[in-house]
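Mind having a look at this structure? Questions to follow.
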Amino acid sequence: MTTYIIRRLLYTIPIVFGVLLLTFILFKVVPGDPAIQIAGKGASPQVIEEVRQEYGLSKPLFLSWDSQFLNHLKNALTFDFGRALDREQVIDKIKRGLGPSLAITIPMFLGILIISVGMSLFVAFARGTVWDVLVVVICVAGMSIPYLSFILFGQYFLAYKWWIFPVFFEPDLPLYKCAALPVLIGVAAGLGANLHFYRTVMLDEMRNDYVRTAFAKGLSTKRVLFKHVLKNAMVPIITRVTLTIPYLFLGSLLLERFFGIPGLGYLMVEATSSRDYFVINAMTYISAILFVIFNLLADICYALVDPRVSFE
Amino acid sequence: MNNQQNKTEMAPKGISLWQDGLRKPARRTSLWVGGLHRRKLAMASFVIIVVYFLLAGLIYVGEIFNWQWAAVKWSEQIGKQYQPPSAQHIFGTDIFGQSVFRKTLYGAKISLTVALCASFVSIAIGVPLGALAGYFRGIIDDIIVWIYSTLSSIPYILLILAFAVVLRDRTLFGHKLTGITSVYLAIGLTSWVGLCRLIRGEVIKHKERQYVLAARSYGCSNSRIIFRHLLPNVFHLVIIDFSIRFVAFIHAEVILSFLGLGEANRPSWGAMINDARIEMSRGVWWQMAAATLAIFFISLALNIFGDALRDCLDPKLRIQ
């Protein structure tokens, strides 16, 4: 087990290096010299030169002990992303946005997971009946409606027209009140695709012989579904769950933008419109690191739930 | 329920998997499993998809030959601003008095162009790389796997956003990337990973099959084995993947246009939704509704058709 984890950790090194190389090329090499953008319009050549010195833009790109690429690596590994275009430290911005983002995404994530796994068990058990067909139809329809439409219509009817929820984020109100509507919309929008996926997983499991044996033994439906089927379906569920967790950090980009929630998604949208490569770079890197970590955790979890998986 | 019967129904000898997938099954086995013919729903979806493509194609042709029909003349002012839907204006008018219905039709062209070009970019990268990695293995495999593991460790939407921001208004080979070009490049360059992984896995499986060994014993070159023997045998995966991914591309285009990274001067569904964001508070819902319906129908049709296509082209699923 320990050797396996160490080997997996070693395997992540080239991936992290690749991510850093990609972010370096995307945000440092391709856009060219951002000194003029940082210094602002109409800055004197002297100021631009100072900015260039401060950000190390006059150094060679690769192939030197003090090259920009090595500095990029060093900064990323120490989580020092420098300052954004508005001169604030990028890492401070990220720390500030983390709370509101998580306040929305964690309830949303848990809501989607519990509802879709629960319903998929029920639907898989009732396959071929009217309920099954109904759920599949609703899922496919839900997958076809664009995310933006869910948000806009939800905001319009539930908040603006009927006054059930506040329309925008207000710092004075308690957080759960502001977060309720985005969470509700997020769950509704995400349910279709997830339920559809878990239904397929459960149906695959239901076909197996051990399910028939369990029913033949006279076990109750509840016991077969939750004790036998759910446990065997754990591997695909874990895969999907751990791979969506890094997205939690990002928050829901669009939800935060619509409701004016000052989270990381909002930060990202702002950064794309102002072309703040420093912020985009930091966000890309951090989410990739999280992804790598959770991937590793997923692999370890497989062995915990499924004794057939070996570490060799 | 009737697993036993399905298991015995294998493809007869002398029929390719393509023919088998499309042929009419001799007897009904179950309601949901079977050839394309029985799937009326899938056929209806296919008709919807064809209608959308025809529409986009007609707009293209109309623009080239300067035909003056409605969807090409989307910028014409047909009435006062913010007219609600009526018999004259099916989806009402927008802030400039332009017909929302015409804008919706025109949006089909932008969306389908982006999704189609993005698909071609991702197939052009993903299929050859996947085949090379699976066929040669060794160091080539390691490098390609490294590239796609790196790309896939960054959340998809973030990666698309990053590429779209970086590529926008940049000059590449003397060609300025404006509007939709940067959008489909961003989507295409980031979305080949899944396809590449799929093709690689399948090629590894096929590589030791007898037809490949036979081809090698005849002295076929590696490129001939890959392109004439292996790829035709795994190509159904490309088509299935294409039909499934197309929906995601359309939705990605909508999100990018909405964030202001898409086409600026011509109407697209994402831009219409972005306009609607402000208009909704004034009770102007028709622009939003029109764009939603347009996206909904093509996505629904593609989802249903993609599922049917997978069922009939993937023999492994059918035997179960």
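As an exercise, use a Förster radius of 56 Å and the Cβ-Cβ distance of A:Leu10 and B:Ala264 to find the FRET efficiency, rounded to the nearest 0.05.
0.75
Considering only Cα-Cα distances, which of the following residue pairs are longer than 23 Å: A:Lys161/B:Lys109; A:Lys28/B:Lys176; A:Lys28/A:Lys59; A:Lys95/A:Lys161; B:Lys40/B:Lys109; B:Lys80/B:Lys103? Each step should come with its number before you reach the end.
Details: A:Lys161/B:Lys109 34 Å; A:Lys28/B:Lys176 20 Å; A:Lys28/A:Lys59 12 Å; A:Lys95/A:Lys161 35 Å; B:Lys40/B:Lys109 27 Å; B:Lys80/B:Lys103 16 Å.
Pairs exceeding 23 Å: A:Lys161/B:Lys109; A:Lys95/A:Lys161; B:Lys40/B:Lys109.
What does the charge count around B:Phe163 come to, taking other residues whose C-beta lies under 14 Å from its C-beta (Lys +1, Arg +1, Asp -1, Glu -1)?
Value of the local net charge: +1.
Something else about it: Put +1 on the Cβ of each Lys and Arg and -1 on the Cβ of each Asp and Glu in region B:14-318; which of B:Leu55, B:Ala162, B:Leu259 then has its Cα farthest toward the positive end of the dipole?
B:Leu55
Would you work out the charge dipole size for region B:14-318 about its Cα centre, treating the Cβ of every Lys and Arg as +1 and the Cβ of every Asp and Glu as -1, and quote it to the nearest 20 debye? Show your work: numbers first, answer last.
Details: 31 positive and 17 negative charges, 194 e Å.
The calculated dipole for region B:14-318 is roughly 940 debye.
Related question: Can you classify chain A as rounded, prolate or oblate using the Cα gyration tensor, where a ≥ b ≥ c are the square roots of its eigenvalues, rounded means a/c under 1.5, and otherwise it's prolate if a/b beats b/c and oblate if not? Kindly include the intermediate steps, with their values, before the conclusion.
Numbers: a/c = 3.16, a/b = 1.56, b/c = 2.02.
Oblate shape, in that a/c is at least 1.5 and b/c is the bigger or equal ratio.
Filter chain A for me: DSSP H helices, axial length by Cα at least 20 angstrom, mean Kyte-Doolittle hydropathy not below 0.0. List them by residue number. Working shown, then result.
Details: long enough: A:2-24 (33 Å, 1.50); A:90-125 (50 Å, 1.53); A:130-144 (21 Å, 2.27); A:175-206 (41 Å, 0.93); A:234-250 (25 Å, 1.58); A:277-305 (41 Å, 1.88).
Going by DSSP H runs, the hits are A:2-24, A:90-125, A:130-144, A:175-206, A:234-250, A:277-305.
I would also like to ask the following. So how much slack lies between A:Leu70 and A:Lys227, counting 0.36 nm per residue of separation and subtracting their Cα-Cα distance, in nm?
Residue separation times 0.36 nm, minus the Cα-Cα distance, leaves 51.3 nm.
What are the residues whose amide H is under 5 Å from the amide H of B:Ser99, where those residues sit 5 or more places off or on another chain and H is modelled from the backbone?
B:Ile78
Give me the net charge of B:Ile147's neighbourhood, meaning all other residues with Cβ under 15 Å from the Cβ of B:Ile147; Lys, Arg count +1, Asp, Glu -1.
0
Along the Cα→Cβ direction, 7 angstrom out, place labels at B:Phe96 and B:Lys205. What is the inter-label distance in nm?
Reported label-point gap for B:Phe96 and B:Lys205 is 5.2 nm.
Taking the Cα centre of the protein assembly as shown as the origin and placing charges on Cβ (Lys, Arg +1; Asp, Glu -1), which of A:Thr2, B:Phe65, B:Leu213 is farthest toward the positive end of the dipole?
B:Leu213
With +1 assigned to the C-beta of every Lys and Arg and -1 to the C-beta of every Asp and Glu, and no other charges, what is the dipole magnitude of the protein assembly as shown about the Cα centre in debye, to the nearest 20?
Charge dipole, the protein assembly as shown, about its Cα centre: 2160 debye, nearest 20.
Readers should treat all values here as calculations from the given coordinates under stated rules, not as data from a laboratory. Small disclaimer: the values here were computed from a predicted structure and weren't measured. When we count neighbours, we look across all protein chains shown, and the Cβ atoms used for this are built from the backbone with ideal geometry, even at glycine.
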